[in-house]
1. Can you tell which of I97, A82, T39 lies farthest toward the positive end of the dipole of the range 23-118, using +1 and -1 charges on the Cβ of basic and acidic side chains (Lys, Arg; Asp, Glu)?
2. So what are the ³J(HN,Hα) numbers for the range 69-86, from phi and the Karplus equation (6.51, -1.76, 1.60; θ = phi - 60°), rounded to whole Hz, Gly and Pro as x?
3. Under a plain spin-label model, where a point goes 7 Å from the Cα along Cα-to-Cβ, how far apart in nm are L62 and S106?
4. For the residues L164, L110, L29, L49, what sequence is obtained by ranking on other C-beta atoms within 10 Å, fewest first?
5. Expressed in nm to one decimal, what extension gain is obtained for the pair T116 and K41 from 0.36 nm per residue of sequence separation less their Cα-Cα distance?
Amino acid sequence: MDIDRDWSANYNTEAAHPLKPMTALQTYLRHPKTIRALTSKPGDEGFSLIELVVVVAVLAILAAIAIPSFTSINDKAKASGAANTVAQIAKECAVKIANNETPTFSTPSLSGYSVTPTGANNCLGGQGSVITATSDAPAKYPTFSYNVSTGSKDCSHGAGAVPLHGCSTGTGGKW
């Protein structure tokens, strides 16, 4: 008895495998996911080197523009704090005088400034009674003063004619 002949006689290959051997492979290769996987190139995903360099260059330019404007924020805040402190003392004096209270004020502590009221912290004015916030670095920060007698608010600085943190010769030294 021939084994090959008995096997082929008892086993119907077409009923067990209705597809021809190459048809399954062809079906797999025609599937959209398979086509997409086989046709994509390794460099198709992600960003190119040129795109990344352009983004880094744009960010560097923006940083070069923005950083210098942030460095002067502390200087402006220090000068504004001194001007506001002198203005607050002037308001405190006005309230105490209006309420017939003892016309004195407390001397605040400021970073980079010294407050030197003349007239022993007296709000009444008198001859030359001036409240002054004097900068430790007059070339960098302005000095603010309030004349209690006249109500005049003046400023000066050692930077010449250049406006400095709210104090300008263009405003006549007023703030």
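1. T39
2. 6, 7, 6, 8, 5, 4, 5, 5, 5, 5, 5, 5, x, 5, 5, 5, 5, 5
3. Modelled inter-label distance: 4.5 nm.
4. L49, L29, L110, L164
5. Stretched out fully, the T116 to K41 stretch lengthens by 19.4 nm.
Since every read-out is calculated from the coordinates, none of them should be taken as a lab result. Keep in mind it's a predicted model, so treat the numbers as computed, not measured. When we count neighbours, we look across all protein chains shown, and the Cβ atoms used for this are built from the backbone with ideal geometry, even at glycine.
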